[in-house]
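First the structure, in the form of structure tokens, and then the observations on it.
Please treat every number below as a calculation from the coordinates, not as lab data. Because the structure is predicted, anything quoted here is derived from the model rather than measured. Positions of Cβ are generated from backbone atoms using ideal geometry, with glycine treated the same way; all protein chains shown enter the neighbour counts.
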Amino acid sequence: MRRRTPRGPALHVRFYEKPDCGLCAEAYRALTRVRMEMPLDKGARVLVRLDRFALQPDVAPGPAEEEQLELFAVSENGAAAPDAPELAPLAEVPAPPLHRVRRLSYSALSLFERCSYRYFAERVVGLRPADAAGTVPGQSGLAPTEIGDAVHALLERVDLRAPTVPENLAELVRARYPAVTEEELERIRAFVASYCESELAASIAALEGATAELPFAFEHDGVLLHGRIDVLHRDGPRALVLDYKTNSLAEGTPEEIVEHDYRLQRLVYALACFRAGAEEVEVVYHFLERPDAVVTGTYRVEDVPVLEAELSDAIARIQANDFRPMPDEFVCRDCPALDLVCAGPKLLG
Ligand code: SF4
């Protein structure tokens, strides 16, 4: 502030902090005639010059002005964008390690056959099928895979010689899947009844020594193939394998579904029996949506080289990590990759 006083020349004052004396209070009141210079730089300070009685003199630029950042200065290359500094090259991203399979269940093979990318999502990455929370109390509703599992668990308990629907079916299912709904219980009951009341069940009942839930394992191309057979019957060199399916028959005819989704699984069953000494293997699929939806295929020991070559090819594709989306309305429905890392049926256009 420059101020005329009775005792001397004009007084110049710089405020760097809030004034707290009478003189400075007067300076505040004179702010209607203030001129401010505000360098906008780091450590900026406000310089205030005040004069209540005289015109404001020109103020020579101080050193702070020279240091001010030139916000609107024209760069050396005119209006063009300033040259970007050259960055160090990015380090090369290492290739992810290959998924090397050593054990394969028949259900994993079946999944690979239905959609190899879903196999990758579930069996390599570890994603769980969507909505699979039927074992969680307080949840409501089962995933299709859980309904299938509940049906298999019930059929495992059924007496093959005299098949009937368990009276305590609801209690058994709820013990395994507390989230099951009444509607799902009825579906599960219908699946079990479909087998128990079928002609196929009557034929199996007549077979001496038919056994449920038989585990198997054998090695092929350095991979251990393992699983359980729903029902196995051996009669000398002949073997019969029965597998229950809870697929919706809206997916296609039973024959089409087997050819499309269970071809590999079927040959694994056959090879397991051949490795156990069978010379002829009949593999029967029962689609429980209908008591008569049965698909049968028979292999002879001469077929083994062809079956093994097909299995080798599938294992080689898994070892080569050949995982591709194979969109299908039914397979995609409960896929954990859907809309997360895969567009599913939208890939079909
Ligand atoms: S969404 Fe469909 S196509 Fe994609 S991974 Fe899942 S099953 Fe395969």
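State, as an integer percentage, the relative contact order of region 238-349 based on alpha-carbon contacts under 8 Å between residues 6 or more apart.
Numbers: 117 pairs, mean separation 28.5, N = 112.
Once divided by the residue count of region 238-349, the mean separation gives 25 percent.
Calculate the FRET efficiency for Asn168 and Ala309 from the Cβ-Cβ distance with a Förster distance of 56 Å, rounded to the nearest 0.05. Don't skip to the answer; put the middle values down first.
On the way: r = 47 Å, r/R0 = 0.84.
Efficiency for this residue pair is about 0.75.
All other residues with a Cβ under 13 Å from the Cβ of Glu280 taken together, and with Lys, Arg as +1 and Asp, Glu as -1, what is their net charge?
On the way: positive: Arg234, Arg238, Arg300; negative: Asp235, Glu279, Glu282, Glu302, Asp303.
Surrounding charge for Glu280 is -2.
How high is the relative contact order of region 104-348? Use alpha-carbon pairs under 8 Å, at least six apart in sequence, and give a whole percent. Kindly include the intermediate steps, with their values, before the conclusion.
Working: 381 pairs, mean separation 56.7, N = 245.
Answer for region 104-348 is 23 percent.
For His220, enumerate residues with amide H under 5 Å from its amide H, sequence gap 5+ or separate chain, H modeled in the peptide plane.
Distant-sequence amide H within range of His220: Leu225.
With r defined as the distance between the Cβ atoms of Asp322 and Arg102 and R0 fixed at 22 Å, what FRET efficiency is calculated, to the nearest 0.05? Let's see the in-between values first.
On the way: r = 18 Å, r/R0 = 0.80.
For Asp322 and Arg102, the calculated efficiency is 0.80.
Can you tell me the Rg and Dmax of region 104-348, counting just the alpha carbons, in angstroms?
Cα radius of gyration and Dmax of region 104-348 are 18.2, 54 Å respectively.
FRET efficiency for Arg238 and Val294, Cβ-Cβ distance as r, R0 = 25 Å, nearest 0.05?
So, using R0 = 25 Å, E works out to roughly 0.90.
Across region 176-181, in residue order, what do the Karplus-derived ³J(HN,Hα) couplings come to in whole Hz, using 6.51 cos²θ - 1.76 cosθ + 1.60 with θ = phi - 60° and x for Gly and Pro?
8, 10, x, 7, 5, 9
I need the shape label for region 243-349. Rule: rounded when a/c is under 1.5, else prolate if a/b > b/c, else oblate, with a, b, c from the alpha carbon gyration tensor.
Working: a/c = 2.99, a/b = 1.38, b/c = 2.16.
Oblate, since a/c reaches 1.5 and b/c is not below a/b.
Provide, for q = 0.11, 0.13, 0.17 Å⁻¹, the log10 of I(q)/I(0) from a solvent-free Debye sum over equal Cα point scatterers in region 176-288.
-0.43, -0.59, -0.95
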